[in-house]
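The values are calculated or read from the model by the stated rules, or taken from the named source; none is laboratory data. These numbers were taken from a predicted model, which means no experiment stands behind them. Virtual Cβ from ideal backbone geometry, glycine too; neighbours counted across all protein chains shown. All accessible areas refer to the heavy atoms of the entire protein, side chains included, with ligands and DNA or RNA removed. Shrake-Rupley method; radii C 1.70, N 1.55, O 1.52, S 1.80 Å.
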Amino acid sequence: MTDKETQEATAVTTPAYASDAPAEGTVDAVVIGGGAAGLNGALMLARSRRSVVVIDSGSPRNAPAEAVHGLLALDGTPPSEILRRGREQVRQYGGRVVHGKVTSAEPAAPSADGDLRFTVTLADGHHITARRVLVATGLTDVLPEVPGLAEHWGHSVLHCPYCHGWEVRDEPIGILATGPASIGHAYLFRQLTDDLTYFTHGTDLDEDSRARFAARGIRVIDTPVAEVVDDEDGALAGVRLADGQVVARRVLAVAAPMRARTQGLEGLGLPVQDGPKGRSFVSGADGTTEVPGVWVAGNVTDLVAQVGASAAAGALAGADINRMLAIADTDAALQQIAEGSPQGATR
(Lines give C-alpha, C1' and ligand atoms only; values in the text may rest on other atoms or scores of the structure.)
Protein backbone atom coordinates (compact mmCIF):
# COMPACT_ATOMS: atom_id res chain seq x y z
CA MET A 1 0.00 0.00 0.00
CA THR A 2 1.06 3.57 -0.58
CA ASP A 3 1.12 5.95 2.41
CA LYS A 4 -2.16 7.48 1.24
CA GLU A 5 -3.83 4.10 0.74
CA THR A 6 -2.67 2.88 4.15
CA GLN A 7 -4.00 5.96 5.89
CA GLU A 8 -7.32 5.68 4.10
CA ALA A 9 -7.60 1.98 4.97
CA THR A 10 -6.93 2.42 8.67
CA ALA A 11 -8.23 5.94 9.33
CA VAL A 12 -11.24 6.36 11.56
CA THR A 13 -12.32 9.85 12.48
CA THR A 14 -13.35 10.84 15.98
CA PRO A 15 -16.90 12.03 16.66
CA ALA A 16 -17.51 15.61 15.59
CA TYR A 17 -17.00 18.30 18.21
CA ALA A 18 -17.12 22.09 18.31
CA SER A 19 -13.91 23.59 16.99
CA ASP A 20 -12.39 26.72 18.46
CA ALA A 21 -11.55 29.60 16.16
CA PRO A 22 -7.85 29.87 15.28
CA ALA A 23 -6.08 32.48 17.39
CA GLU A 24 -5.28 35.92 16.04
CA GLY A 25 -1.81 37.35 16.40
CA THR A 26 1.15 35.36 17.68
CA VAL A 27 0.65 32.50 20.15
CA ASP A 28 3.28 31.04 22.43
CA ALA A 29 2.93 27.55 20.98
CA VAL A 30 1.06 25.63 18.34
CA VAL A 31 0.61 21.89 18.87
CA ILE A 32 0.17 19.87 15.69
CA GLY A 33 -1.77 16.76 16.67
CA GLY A 34 -4.70 16.31 19.04
CA GLY A 35 -3.93 12.92 20.54
CA ALA A 36 -2.63 12.06 24.01
CA ALA A 37 0.83 13.54 23.43
CA GLY A 38 -0.41 16.75 21.86
CA LEU A 39 -3.19 17.39 24.37
CA ASN A 40 -0.98 16.70 27.38
CA GLY A 41 1.69 19.00 26.00
CA ALA A 42 -0.93 21.69 25.47
CA LEU A 43 -2.28 21.13 28.99
CA MET A 44 1.14 21.77 30.52
CA LEU A 45 1.55 24.93 28.47
CA ALA A 46 -1.94 26.25 29.17
CA ARG A 47 -1.52 25.66 32.89
CA SER A 48 1.66 27.73 32.67
CA ARG A 49 -0.44 30.59 31.27
CA ARG A 50 0.91 30.18 27.78
CA SER A 51 -1.28 30.85 24.78
CA VAL A 52 -1.53 27.54 22.94
CA VAL A 53 -3.47 26.24 19.95
CA VAL A 54 -3.90 22.52 19.21
CA ILE A 55 -4.53 21.54 15.60
CA ASP A 56 -6.43 18.25 15.55
CA SER A 57 -7.02 16.37 12.29
CA GLY A 58 -9.55 14.13 14.05
CA SER A 59 -8.10 10.77 12.96
CA PRO A 60 -6.11 9.26 15.85
CA ARG A 61 -4.44 5.93 15.31
CA ASN A 62 -6.43 4.19 18.07
CA ALA A 63 -9.84 5.41 16.93
CA PRO A 64 -10.96 1.93 15.74
CA ALA A 65 -10.30 0.42 19.18
CA GLU A 66 -13.17 0.02 21.61
CA ALA A 67 -11.08 0.88 24.65
CA VAL A 68 -7.63 1.88 25.85
CA HIS A 69 -5.95 -0.73 28.06
CA GLY A 70 -2.89 -0.83 30.28
CA LEU A 71 -3.43 2.79 31.37
CA LEU A 72 -3.71 3.06 35.15
CA ALA A 73 -7.07 4.39 36.38
CA LEU A 74 -8.35 4.68 32.80
CA ASP A 75 -8.15 1.05 31.70
CA GLY A 76 -11.19 0.23 29.57
CA THR A 77 -11.98 3.84 28.66
CA PRO A 78 -12.87 4.46 24.99
CA PRO A 79 -10.18 6.44 23.16
CA SER A 80 -12.73 9.05 22.09
CA GLU A 81 -13.67 9.67 25.73
CA ILE A 82 -10.06 10.21 26.78
CA LEU A 83 -9.61 12.72 23.97
CA ARG A 84 -12.89 14.45 24.81
CA ARG A 85 -11.79 14.92 28.40
CA GLY A 86 -8.37 16.07 27.23
CA ARG A 87 -9.80 18.76 24.96
CA GLU A 88 -12.09 19.92 27.74
CA GLN A 89 -9.20 20.20 30.18
CA VAL A 90 -6.97 22.11 27.75
CA ARG A 91 -9.81 24.57 27.15
CA GLN A 92 -10.40 24.91 30.88
CA TYR A 93 -7.04 26.69 31.13
CA GLY A 94 -7.52 28.88 28.09
CA GLY A 95 -6.04 26.66 25.38
CA ARG A 96 -7.72 26.35 22.01
CA VAL A 97 -8.43 23.16 20.07
CA VAL A 98 -8.99 23.64 16.35
CA HIS A 99 -10.31 20.84 14.17
CA GLY A 100 -8.28 21.10 11.00
CA LYS A 101 -5.51 19.72 8.83
CA VAL A 102 -2.06 21.25 8.63
CA THR A 103 -0.89 21.66 5.05
CA SER A 104 2.40 23.40 5.84
CA ALA A 105 4.54 24.40 8.79
CA GLU A 106 7.76 26.36 8.42
CA PRO A 107 10.02 28.89 10.12
CA ALA A 108 9.10 32.55 9.66
CA ALA A 109 11.00 35.79 10.11
CA PRO A 110 11.97 36.27 13.78
CA SER A 111 10.46 38.99 15.94
CA ALA A 112 12.12 42.38 16.36
CA ASP A 113 13.98 41.13 19.42
CA GLY A 114 15.16 37.98 17.63
CA ASP A 115 12.69 35.50 19.08
CA LEU A 116 11.73 32.54 16.87
CA ARG A 117 8.59 32.51 14.78
CA PHE A 118 6.80 29.79 12.81
CA THR A 119 3.87 29.86 10.41
CA VAL A 120 1.40 26.98 10.36
CA THR A 121 -1.10 26.89 7.50
CA LEU A 122 -4.36 24.94 7.62
CA ALA A 123 -6.29 23.38 4.77
CA ASP A 124 -9.01 26.02 5.11
CA GLY A 125 -6.48 28.78 4.50
CA HIS A 126 -6.01 29.96 8.08
CA HIS A 127 -2.47 30.89 9.13
CA ILE A 128 -1.25 30.66 12.71
CA THR A 129 1.94 32.35 13.88
CA ALA A 130 3.65 30.74 16.87
CA ARG A 131 6.83 31.19 18.86
CA ARG A 132 7.32 27.44 19.32
CA VAL A 133 5.96 24.24 17.75
CA LEU A 134 5.18 20.82 19.23
CA VAL A 135 4.69 18.07 16.63
CA ALA A 136 2.54 15.19 17.93
CA THR A 137 0.96 13.87 14.74
CA GLY A 138 1.31 10.19 15.59
CA LEU A 139 1.90 7.39 13.12
CA THR A 140 0.34 5.22 10.45
CA ASP A 141 0.43 1.42 10.48
CA VAL A 142 1.45 0.00 7.09
CA LEU A 143 -0.65 -3.14 6.74
CA PRO A 144 0.24 -6.05 4.45
CA GLU A 145 -1.64 -6.07 1.17
CA VAL A 146 -4.00 -8.91 2.06
CA PRO A 147 -7.61 -8.51 0.91
CA GLY A 148 -10.01 -8.15 3.84
CA LEU A 149 -7.32 -7.39 6.42
CA ALA A 150 -7.79 -3.63 6.81
CA GLU A 151 -11.54 -3.98 7.38
CA HIS A 152 -10.88 -5.71 10.72
CA TRP A 153 -8.06 -3.41 11.86
CA GLY A 154 -8.40 -2.48 15.52
CA HIS A 155 -10.92 -5.23 16.23
CA SER A 156 -9.97 -8.76 15.14
CA VAL A 157 -6.72 -7.65 13.47
CA LEU A 158 -4.42 -6.42 16.21
CA HIS A 159 -0.89 -5.17 16.66
CA CYS A 160 -0.27 -4.95 20.41
CA PRO A 161 -0.58 -7.80 22.96
CA TYR A 162 -0.62 -5.27 25.79
CA CYS A 163 -3.33 -3.09 24.26
CA HIS A 164 -5.69 -5.89 23.20
CA GLY A 165 -4.28 -9.21 24.37
CA TRP A 166 -6.48 -9.87 27.40
CA GLU A 167 -9.60 -9.32 25.32
CA VAL A 168 -8.63 -12.09 22.86
CA ARG A 169 -7.20 -14.58 25.37
CA ASP A 170 -7.85 -18.25 24.59
CA GLU A 171 -9.04 -17.45 21.06
CA PRO A 172 -7.54 -19.16 17.99
CA ILE A 173 -4.96 -16.52 17.03
CA GLY A 174 -2.86 -16.25 13.90
CA ILE A 175 0.38 -14.31 13.53
CA LEU A 176 0.60 -12.84 10.03
CA ALA A 177 4.34 -12.36 9.72
CA THR A 178 5.78 -9.17 8.24
CA GLY A 179 9.44 -9.74 9.11
CA PRO A 180 11.79 -10.55 12.01
CA ALA A 181 9.71 -8.52 14.49
CA SER A 182 6.89 -11.04 14.10
CA ILE A 183 8.96 -13.76 15.76
CA GLY A 184 8.97 -11.90 19.07
CA HIS A 185 5.33 -11.04 18.49
CA ALA A 186 4.53 -14.77 18.42
CA TYR A 187 6.05 -15.40 21.85
CA LEU A 188 3.99 -12.60 23.38
CA PHE A 189 0.71 -13.83 21.90
CA ARG A 190 1.56 -17.43 22.88
CA GLN A 191 1.26 -16.19 26.46
CA LEU A 192 -2.40 -15.44 25.73
CA THR A 193 -3.54 -18.60 23.94
CA ASP A 194 -2.64 -22.26 23.47
CA ASP A 195 -3.96 -22.13 19.89
CA LEU A 196 -1.44 -20.05 17.92
CA THR A 197 -0.55 -20.38 14.24
CA TYR A 198 2.36 -18.53 12.63
CA PHE A 199 1.88 -17.68 8.94
CA THR A 200 5.34 -16.94 7.52
CA HIS A 201 3.71 -15.26 4.48
CA GLY A 202 6.93 -15.14 2.48
CA THR A 203 9.18 -14.07 5.35
CA ASP A 204 12.19 -16.02 6.58
CA LEU A 205 11.95 -18.18 9.67
CA ASP A 206 15.23 -19.75 10.76
CA GLU A 207 15.54 -23.28 12.09
CA ASP A 208 16.24 -22.15 15.64
CA SER A 209 13.00 -20.17 15.71
CA ARG A 210 11.11 -23.10 14.22
CA ALA A 211 12.45 -25.34 16.98
CA ARG A 212 11.50 -22.82 19.65
CA PHE A 213 8.02 -22.48 18.14
CA ALA A 214 7.63 -26.25 18.15
CA ALA A 215 8.64 -26.36 21.81
CA ARG A 216 5.84 -23.90 22.62
CA GLY A 217 3.27 -25.64 20.43
CA ILE A 218 3.13 -22.88 17.82
CA ARG A 219 2.04 -24.22 14.43
CA VAL A 220 3.94 -22.84 11.41
CA ILE A 221 2.38 -22.49 7.94
CA ASP A 222 4.62 -21.44 5.06
CA THR A 223 1.98 -21.24 2.35
CA PRO A 224 1.26 -17.56 1.66
CA VAL A 225 -2.01 -16.01 2.86
CA ALA A 226 -4.27 -15.00 -0.03
CA GLU A 227 -7.13 -13.30 1.81
CA VAL A 228 -9.01 -12.90 5.06
CA VAL A 229 -12.24 -14.89 5.32
CA ASP A 230 -15.34 -13.63 7.15
CA ASP A 231 -18.26 -15.58 8.55
CA GLU A 232 -21.88 -14.89 7.62
CA ASP A 233 -22.07 -12.11 10.22
CA GLY A 234 -19.00 -10.34 8.86
CA ALA A 235 -16.71 -11.38 11.70
CA LEU A 236 -13.20 -12.66 10.98
CA ALA A 237 -13.35 -16.43 10.54
CA GLY A 238 -9.89 -17.28 9.22
CA VAL A 239 -7.55 -16.94 6.27
CA ARG A 240 -7.52 -18.53 2.86
CA LEU A 241 -4.09 -19.69 1.75
CA ALA A 242 -2.70 -19.48 -1.77
CA ASP A 243 -3.46 -23.21 -2.26
CA GLY A 244 -7.13 -22.65 -1.38
CA GLN A 245 -7.01 -24.13 2.13
CA VAL A 246 -8.87 -22.13 4.78
CA VAL A 247 -7.33 -21.98 8.25
CA ALA A 248 -9.85 -21.02 10.90
CA ARG A 249 -8.77 -18.10 13.11
CA ARG A 250 -10.74 -15.58 15.14
CA VAL A 251 -7.90 -13.11 15.58
CA LEU A 252 -4.88 -12.07 13.52
CA ALA A 253 -1.89 -10.29 15.03
CA VAL A 254 0.22 -8.19 12.68
CA ALA A 255 3.49 -6.49 13.60
CA ALA A 256 2.93 -3.91 10.88
CA PRO A 257 5.72 -1.47 10.02
CA MET A 258 4.95 2.02 11.31
CA ARG A 259 5.57 5.44 9.79
CA ALA A 260 5.42 8.80 11.48
CA ARG A 261 2.81 11.12 10.02
CA THR A 262 4.97 13.75 8.35
CA GLN A 263 2.64 15.16 5.69
CA GLY A 264 2.63 18.96 5.69
CA LEU A 265 5.64 19.17 8.01
CA GLU A 266 8.39 19.03 5.41
CA GLY A 267 9.08 22.75 5.75
CA LEU A 268 10.29 22.30 9.32
CA GLY A 269 13.25 20.24 8.13
CA LEU A 270 13.00 17.67 10.93
CA PRO A 271 15.40 14.72 10.58
CA VAL A 272 13.90 11.22 10.36
CA GLN A 273 15.30 7.82 11.21
CA ASP A 274 14.57 4.30 10.00
CA GLY A 275 14.58 1.59 12.67
CA PRO A 276 13.44 -2.02 12.98
CA LYS A 277 9.88 -0.88 13.77
CA GLY A 278 9.61 1.78 11.05
CA ARG A 279 10.27 5.45 10.34
CA SER A 280 10.05 8.23 12.92
CA PHE A 281 11.31 11.71 13.70
CA VAL A 282 14.58 11.96 15.61
CA SER A 283 14.32 13.49 19.08
CA GLY A 284 16.45 14.16 22.12
CA ALA A 285 15.66 14.68 25.77
CA ASP A 286 12.17 16.07 26.46
CA GLY A 287 11.30 15.89 22.77
CA THR A 288 13.88 18.39 21.55
CA THR A 289 14.95 18.28 17.91
CA GLU A 290 17.82 19.62 15.83
CA VAL A 291 15.51 22.40 14.68
CA PRO A 292 15.48 25.25 17.24
CA GLY A 293 11.98 25.96 18.49
CA VAL A 294 10.48 22.62 17.43
CA TRP A 295 9.73 19.66 19.71
CA VAL A 296 8.24 16.23 18.93
CA ALA A 297 6.34 13.86 21.23
CA GLY A 298 4.41 10.60 21.17
CA ASN A 299 4.28 8.03 18.38
CA VAL A 300 5.70 10.45 15.83
CA THR A 301 9.09 9.86 17.49
CA ASP A 302 8.48 6.81 19.73
CA LEU A 303 6.72 4.26 17.54
CA VAL A 304 5.92 1.79 20.32
CA ALA A 305 4.66 4.26 22.95
CA GLN A 306 1.21 3.45 24.33
CA VAL A 307 -1.24 6.16 25.38
CA GLY A 308 0.29 6.66 28.82
CA ALA A 309 3.83 6.95 27.51
CA SER A 310 2.72 9.31 24.75
CA ALA A 311 0.89 11.54 27.22
CA ALA A 312 3.95 11.59 29.50
CA ALA A 313 6.20 12.53 26.58
CA GLY A 314 3.83 15.35 25.66
CA ALA A 315 3.93 16.64 29.23
CA LEU A 316 7.74 16.65 29.25
CA ALA A 317 7.87 18.45 25.91
CA GLY A 318 5.29 21.02 27.02
CA ALA A 319 7.25 21.74 30.18
CA ASP A 320 10.48 22.12 28.23
CA ILE A 321 8.83 24.49 25.76
CA ASN A 322 7.60 26.60 28.66
CA ARG A 323 11.11 26.61 30.15
CA MET A 324 12.64 27.81 26.91
CA LEU A 325 9.95 30.46 26.48
CA ALA A 326 10.67 31.72 30.01
CA ILE A 327 14.33 32.11 29.09
CA ALA A 328 13.38 33.93 25.87
CA ASP A 329 11.05 36.24 27.81
CA THR A 330 13.84 37.09 30.24
CA ASP A 331 16.30 37.72 27.42
CA ALA A 332 13.80 40.08 25.81
CA ALA A 333 13.22 41.90 29.09
CA LEU A 334 16.94 42.44 29.54
CA GLN A 335 17.23 43.67 25.98
CA GLN A 336 14.43 46.20 26.53
CA ILE A 337 16.13 47.48 29.67
CA ALA A 338 19.39 47.84 27.77
CA GLU A 339 17.56 49.81 25.10
CA GLY A 340 15.98 52.11 27.67
CA SER A 341 12.58 50.47 28.17
CA PRO A 342 12.61 49.55 31.89
CA GLN A 343 9.01 48.33 31.89
CA GLY A 344 10.22 44.93 30.66
CA ALA A 345 9.02 42.70 27.89
CA THR A 346 5.43 41.67 27.39
CA ARG A 347 4.28 39.11 24.90
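Among the residues of segment 231-256, the one identified as under 29 Å from the mean Cα position of the chain (by Cα) and either among the polar types (S, T, N, Q) or open to solvent by 60 Å² or more (accessible area, probe 1.4 Å) (or both) is R250.
In this structure, is G264 exposed (fewer than 14 other Cβ atoms within 10 Å of the Cβ) and not acidic (D, E)? No. Please indicate, with yes or no, whether at least one residue in segment 318-330 is buried (at least 21 other Cβ atoms within 10 Å of the Cβ), under 30 Å from A177 (Cα atoms) and touching a helix residue (DSSP H, G or I) at 6+ places or on another chain (Cβ under 9 Å). Checked against the condition, which is being buried (at least 21 other Cβ atoms within 10 Å of the Cβ), under 30 Å from A177 (Cα atoms) and touching a helix residue (DSSP H, G or I) at 6+ places or on another chain (Cβ under 9 Å), segment 318-330 yields no hits at all.
Restricting attention to segment 285-314, the residues that are in a helix (DSSP H, G or I), crowded, with 21+ Cβ neighbours inside 10 Å and of a type in the set (G, A, S) add up to 6. Scanning segment 1-37 for residues that are of a type in the set (V, I, T), at pLDDT 90 or above and over 23 Å from A309 (Cα atoms) yields T26, V27.
Within segment 146-158, is even one residue modelled with pLDDT under 95, over 26 Å from G284 (Cα atoms), part of a loop (DSSP other than H, G, I, E, B) and out of contact with any His (no Cβ under 8 Å at 6 or more places or on another chain)? Yes: one or more hits.
For segment 164-180, a residue qualifies if it is at positive phi and either of a type in the set (A, V, I, L, M, F, W, C) or touching a residue at least 60 places away in the same chain (Cβ under 8 Å) (or both), and exactly one does: G179. In segment 206-230, the qualifying residues are those that are free of Cβ contacts under 8 Å to residues at least 40 places away in the same chain and within 19 Å of E145 (Cβ to Cβ), and the one that is nearest to the chain's Cα centre (by Cα) is P224.
The residue that is least open to solvent (accessible area, probe 1.4 Å), counting only those in segment 131-169 that are among the small types (G, A, S) and farther than 19 Å from R261 by Cβ, is G165. Of the strands (runs of 3 or more DSSP E) lying entirely inside segment 29-136, those containing at least 2 residues that are basic (K, R) are 127-135. Among the residues of segment 198-228, those identified as surrounded by fewer than 16 Cβ atoms within 10 Å (Cβ to Cβ) and either assigned to a strand (DSSP E or B) or of a type in the set (A, V, I, L, M, F, W, C) (or both) are A211, A214, A215, R219, E227. Of the residues L83, L116, L74, the single one that is over 30 Å from Q306 (Cβ atoms) and either modelled with pLDDT of 95 or more or out of contact with any Lys or Arg (no Cβ under 8 Å at 6 or more places or on another chain) (or both) is L116.
Could you tell me whether D329 is assigned to a helix (DSSP H, G or I) and at positive phi? When the stated conditions are applied, D329 does not pass them. Which of the residues that make up segment 170-197 are open to solvent by 50 Å² or more (accessible area, probe 1.4 Å) and assigned to a helix (DSSP H, G or I)? Answer for segment 170-197, where residues must be open to solvent by 50 Å² or more (accessible area, probe 1.4 Å) and assigned to a helix (DSSP H, G or I): Y187, L188. Among the residues of segment 46-56, are any over 16 Å from Q306 (Cα atoms), modelled with pLDDT of 95 or more, surrounded by 15 or more Cβ atoms within 10 Å (Cβ to Cβ) and within 14 Å of the chain's Cα centre (by Cα)? Checked against the condition, which is being over 16 Å from Q306 (Cα atoms), modelled with pLDDT of 95 or more, surrounded by 15 or more Cβ atoms within 10 Å (Cβ to Cβ) and within 14 Å of the chain's Cα centre (by Cα), segment 46-56 yields at least one hit.
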